[in-house]
1. Of all residues in the stretch 175-200 being part of a helix (DSSP H, G or I) and open to solvent by 60 Å² or more (accessible area, probe 1.4 Å), which is farthest from E221 (Cα to Cα)?
2. Within the stretch 122-148, track down each residue that is open to solvent by less than 50 Å² (accessible area, probe 1.4 Å) and in contact with a Pro (Cβ under 9 Å, 6 or more places away or on another chain).
3. Evaluate the stretch 108-120: report whether one residue or more is under 23 Å from S51 (Cβ atoms), buried (at least 20 other Cβ atoms within 10 Å of the Cβ) and modelled with pLDDT under 90.
4. Being free of Cβ contacts under 8 Å to residues at least 12 places away in the same chain and open to solvent by 50 Å² or more (accessible area, probe 1.4 Å): is that true of D219 here?
5. Could you please find all residues in the stretch 90-104 being surrounded by fewer than 19 Cβ atoms within 10 Å (Cβ to Cβ) and farther than 26 Å from N55 by Cβ?
6. Quick check on this structure: which one of A203, A253, A244 is modelled with pLDDT under 90, surrounded by fewer than 15 Cβ atoms within 10 Å (Cβ to Cβ) and more than 21 Å from H268 (Cα to Cα)?
Amino acid sequence: MRKDNRTLEQKIADRKAKVDALHEKLTGAVEQLVTGDDWRRAIQFAARFRSRSFNNTLLIWVQHSIAHAEGRVPDPFPSFVAGFKQWHALGRHVDKGQAGYQIFAPVTARMAGRDDDPISWHRLERDEKPAPGEVVRSRMVGVRPTYVWPLSMTSGKDIPLPPAPQLLRGQAPGGLWDGVVEIIQAKGFRVLDAPDAAYLDGANGMTHWIKKTVHVRADMEPAARAKTLLHEAGHVLLHDRENADAVVHRGVAEVEAESVALMVADAHGMDTTDYTIPYVSTWASRVQGQDPVTTVQQTAARVRSAALTILDQLDTQTVTDGALPSIDRAHGLPEHNEQARQASELAAGVADTTAPPGDRVGEPGQRVAVGTRTAPTTDGVAR
């Protein structure tokens, strides 16, 4: 192995340059999300890699698309991605000549402080011990570039794959409706049937914040009802009537809610390709004081958070989340912890780096929903 003769300063400068280049690639990927089809594909891709941050998902998506176009991988969507050592631990090796995909990985440090005093937290040196009364926790302090490879770029032992849910046309996954109803009810809302769209002023579903009700058309097929209920659940989880921002930017709220529905539905193998998302550029460019790239990234983080909240509470069969089924956390997959999943949000300027250790970094804020209408404007209106 060639000896690395770089000084520490040179190594730091080289790492920063790589992170900057990777961030530029991420920004370019977000800028491409200007059509409904692009946004839909990004959400569907994220549904299959929900064990990773949305930004790292985009980086994998863009680089895999290039590899597929160049004929280096057979499928347009990868099944699993993992690091070099993780594949080796599973009895597989990266094929010669495959460069892999660059993503963000966390840089952590030992931090000491008291839980009752957020400003007391400080970074410990290598051999430094905490003061009396202080506790020690690991905290993400930065990011670095790392590489992952899709399954199709490796060879070796077979990977046991979990069975994917199979749906008949018009059906909804078993337990999905009841599970989402419970999530909505836990937020203090009642879920009710509406006889038809006319009852909801042309909508498929409607969330009423004052009455604390969610209505869904009863004259639709089970799959359509389940998808509409997921859209309304997105409003219930993400949007609050007290926040005027989502009323002013209703398109943001509608795209967020529909994206939550698409992500959860796609995780259950439901075909949502016939449903159109409004153009991202239409609403992203209208948020005052913020560039469209930041708007898309923040919205994506909120969508992913809400979708994972729903998926974590459902006892239903879903497609793989991108995490290798036969590898445990001891092998150290790059994003099998909350700090690592926040790495790309930090790199994108979304994470709150001032939060004390143990807090969720970059947790999305609240917006006000106004509901769901029928296509092409999504599927409803909350009042």
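The values are calculated or read from the model by the stated rules, or taken from the named source; none is laboratory data. Predicted model, so just to flag it, every value in this text is computed and none were measured. Reconstructed Cβ throughout: ideal geometry from the backbone, glycine too, with neighbour counts over all protein chains shown. What goes into the accessible areas is simple: the full protein's heavy atoms, side chains included, and nothing from ligands, DNA or RNA. Shrake-Rupley method; radii C 1.70, N 1.55, O 1.52, S 1.80 Å.
1. Within the stretch 175-200, the match that is farthest from E221 (Cα to Cα) is A186.
2. L124, R139, M140, G142, V143, T146, V148
3. no
4. It is false that D219 is free of Cβ contacts under 8 Å to residues at least 12 places away in the same chain and open to solvent by 50 Å² or more (accessible area, probe 1.4 Å).
5. Selection gives G91, H93, D95, K96, G97.
6. Answer to the selection: A244.
Conditions (1) touching a Gly at 6+ places or on another chain (Cβ under 7 Å); (2) open to solvent by less than 40 Å² (accessible area, probe 1.4 Å), marked per residue:
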position	(1), (2)
S53	no, yes
W61	no, yes
H64	no, yes
G71	no, no
P76	no, no
F80	yes, yes
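Residue by residue, here is whether (1) under 27 Å from V19 (Cβ atoms); (2) in contact with a helix residue (DSSP H, G or I) (Cβ under 8 Å, 6 or more places away or on another chain) holds:
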site	(1), (2)
T57	yes, yes
A69	yes, no
P74	no, yes
H93	no, yes
I103	yes, yes
M111	yes, no
D117	no, no
P130	no, no
E134	no, no
